[in-house]
Amino acid sequence: MTAEAIVRVEGLVKRYGSIVAVDGIGFDVGRGEMFGLIGPDGAGKTSTLRVLLGLSHRDAGTVSVCGLDPASQGRLLSGRVGYLSQRFSLYGDLSVDENIAFFAALHDVKGWRPRRDGLLDMLRMTPFRARQADRLSGGMKQKLALACTLIHTPELIVLDEPTTGVDPVSRRDFWKILVQVQEQGVTILLTTPYLDEAERCRRVAMMSGGRLLAVDDPRRLRREAPGTMVEVLARPARRAAGVARSAPGVESVQVFGERLHVSIPGVSPPQAAEAAERLAALLRAEGLEVESARPVPFSLEDVFIARLQGPIAAAGAP
């Protein structure tokens, strides 16, 4: 556990009737850290966040957020946490300024106007402050939602898939803003389905089926992935994937457009080039056109898939 943790979770269980949405997970988030909960839909990410925010009761385990119990001290906690949900509700007929003013009043923030002006400058929204929220683009709506979330100067902000449905340029811009927010000392806990985004977090917790697969630095997870990853560009790709899956020593094959990522455990880095050549030769022997086959670093997505398919996932242990 992190020494100065702003979030502590131990043995958390959340059920919806007979469905176990969160199954005995535990992790912590250090003060000032950017921490990501990652996993597919149904992994239990949003259910976990709702318990942490006091929006949903827990069935077992202990939870502490900003030193408070969300279940019994939710009202006090709301003044110290900002929450940007997947369906954050802006008031479309109110202007940018009016939306921020409303959330400042909601949190009983005194002297909020300088804070508002600073947020709008950071978000590069000052020229649009008089525009109605309904007339903003999707990316600008997310920026406004973030301003409303930050207006009461929370210690922790919780973001539930904040860039889902946002165009790639706005996604990149939003992440630059999050880095600026973190540099101001705000702790960030977020969920995202985009594993390239999760690489920006200091640590991530990989979830599947309500359980934790791993909690670690994304760089360390990639670096310590066992074996070798070979990227193959071969045609036709679908048939190449089938042949590669049957190759000796291959654990998994993932298709990314025309490229294949072939995981070969038990192969050390000095042996990687030779393993790639053997795989290319096998594909060519099956009549496939192989443009390239080369060892590449594991991506976080590669690591996540390997964890899902490996014995850790089967055992349900972190």
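Scan the range 233-249 and give yes if some residue there is closer than 29 Å to A205 by Cα and either surrounded by fewer than 21 Cβ atoms within 10 Å (Cβ to Cβ) or out of contact with any Cys (no Cβ under 6 Å at 6 or more places or on another chain) (or both), otherwise no. There is at least one residue in the range 233-249 that is closer than 29 Å to A205 by Cα and either surrounded by fewer than 21 Cβ atoms within 10 Å (Cβ to Cβ) or out of contact with any Cys (no Cβ under 6 Å at 6 or more places or on another chain) (or both). Figure legend. Inter-residue proximity from the range 183-199: first residues over 12 Å from L84 (Cβ atoms), second residues of a type in the set (V, I, T) and part of a helix (DSSP H, G or I), beta-carbon distance below 9 Å, spacing 6+ or different chains. Indicated pairs: L195/V303. When you scan the range 89-99, do you find a residue that is in contact with a Phe, Trp or Tyr (Cβ under 8 Å, 6 or more places away or on another chain), crowded, with 19+ Cβ neighbours inside 10 Å and at pLDDT 95 or above, even just one? Yes, the range 89-99 contains at least one residue that is in contact with a Phe, Trp or Tyr (Cβ under 8 Å, 6 or more places away or on another chain), crowded, with 19+ Cβ neighbours inside 10 Å and at pLDDT 95 or above. Could you tell me whether G138 is touching a strand residue (DSSP E or B) at 6+ places or on another chain (Cβ under 9 Å), farther than 25 Å from R31 by Cα, of a type outside the set (D, E, K, R) and surrounded by fewer than 20 Cβ atoms within 10 Å (Cβ to Cβ)? No, not satisfied.
I'm checking my understanding of the structure. Among residues of the range 55-72 that are open to solvent by 70 Å² or more (accessible area, probe 1.4 Å) and more than 11 Å from E10 (Cα to Cα), which one is farthest from the chain's Cα centre (by Cα)?
Looking at residues that are open to solvent by 70 Å² or more (accessible area, probe 1.4 Å) and more than 11 Å from E10 (Cα to Cα), I get S72.
Here is the figure for the range 124-154: residues that are of a type outside the set (G, A, S), in contact (Cβ under 8 Å) with a residue 24 or more places away in the chain, assigned to a helix (DSSP H, G or I) and farther than 19 Å from P168 by Cβ total 6.
The single condition among (1) at pLDDT 95 or above; (2) among the acidic types (D, E); (3) on the phi > 0 side of the Ramachandran plot that E161 does not satisfy is (1). Cβ-Cβ distances below 8 Å connect the following pairs, each with a first residue in the range 267-295 that is farther than 17 Å from R238 by Cα, a second residue that is charged (D, E, K, R), and a separation of six or more residues or different chains: A273/R294; A276/R294; R294/E231; P295/E231. Regarding D108, is this residue assigned to a helix (DSSP H, G or I), more than 18 Å from the chain's Cα centre (by Cα) and not small (G, A, S)? No; evaluated as a whole, the condition is false for this residue.
Counting only residues that are more than 15 Å from R87 (Cβ to Cβ) and of a type outside the set (K, R), the range 130-154 holds 13 of them. Pairs are defined by a Cβ separation below 6 Å, a sequence spacing of at least 6 or placement on different chains, a first member in the range 63-84 that is farther than 10 Å from L52 by Cβ and among the small types (G, A, S), and a second member that is assigned to a strand (DSSP E or B) and open to solvent by less than 20 Å² (accessible area, probe 1.4 Å); the pairs so defined are G82/I157. Under the condition of being assigned to a loop (DSSP other than H, G, I, E, B) and in contact with a strand residue (DSSP E or B) (Cβ under 7 Å, 6 or more places away or on another chain), which residue from the range 251-294 is surrounded by the most Cβ atoms within 10 Å (Cβ to Cβ)? The qualifying residue surrounded by the most Cβ atoms within 10 Å (Cβ to Cβ) is V267. Any residue in the range 42-53 that is open to solvent by 70 Å² or more (accessible area, probe 1.4 Å) and either in contact with a strand residue (DSSP E or B) (Cβ under 6 Å, 6 or more places away or on another chain) or acidic (D, E) (or both)? Looking for residues that are open to solvent by 70 Å² or more (accessible area, probe 1.4 Å) and either in contact with a strand residue (DSSP E or B) (Cβ under 6 Å, 6 or more places away or on another chain) or acidic (D, E) (or both), one finds none in the range 42-53, hence no. Of everything in the range 1-41, what is open to solvent by 10 Å² or more (accessible area, probe 1.4 Å), of a type in the set (D, E) and in a loop (DSSP other than H, G, I, E, B)? Give them in sequence order. Across the range 1-41, the qualifying residues are E4, D41. Restricting the range 73-88 to residues that are of a type in the set (D, E, K, R) and part of a loop (DSSP other than H, G, I, E, B), the residue that is surrounded by the fewest Cβ atoms within 10 Å (Cβ to Cβ) is R87. Number of residues in the range 81-98 that are more than 23 Å from I188 (Cβ to Cβ) and of a type outside the set (G, A, S) equals 5.
Restricting E161, E155, E199, E183 to those that are of a type outside the set (G, A, S) and under 30 Å from V267 (Cα atoms) reduces the list to E199.
The values are calculated or read from the model by the stated rules, or taken from the named source; none is laboratory data. Keep in mind that what you see is a predicted model, and the values were worked out from it rather than measured. Using ideal geometry, Cβ is built from the backbone for each residue, glycine included, and neighbour counts are taken over all protein chains shown. Just so you know, the surface numbers come from the protein's heavy atoms only, side chains and all, with ligands and any DNA or RNA stripped out. Shrake-Rupley method; radii C 1.70, N 1.55, O 1.52, S 1.80 Å.
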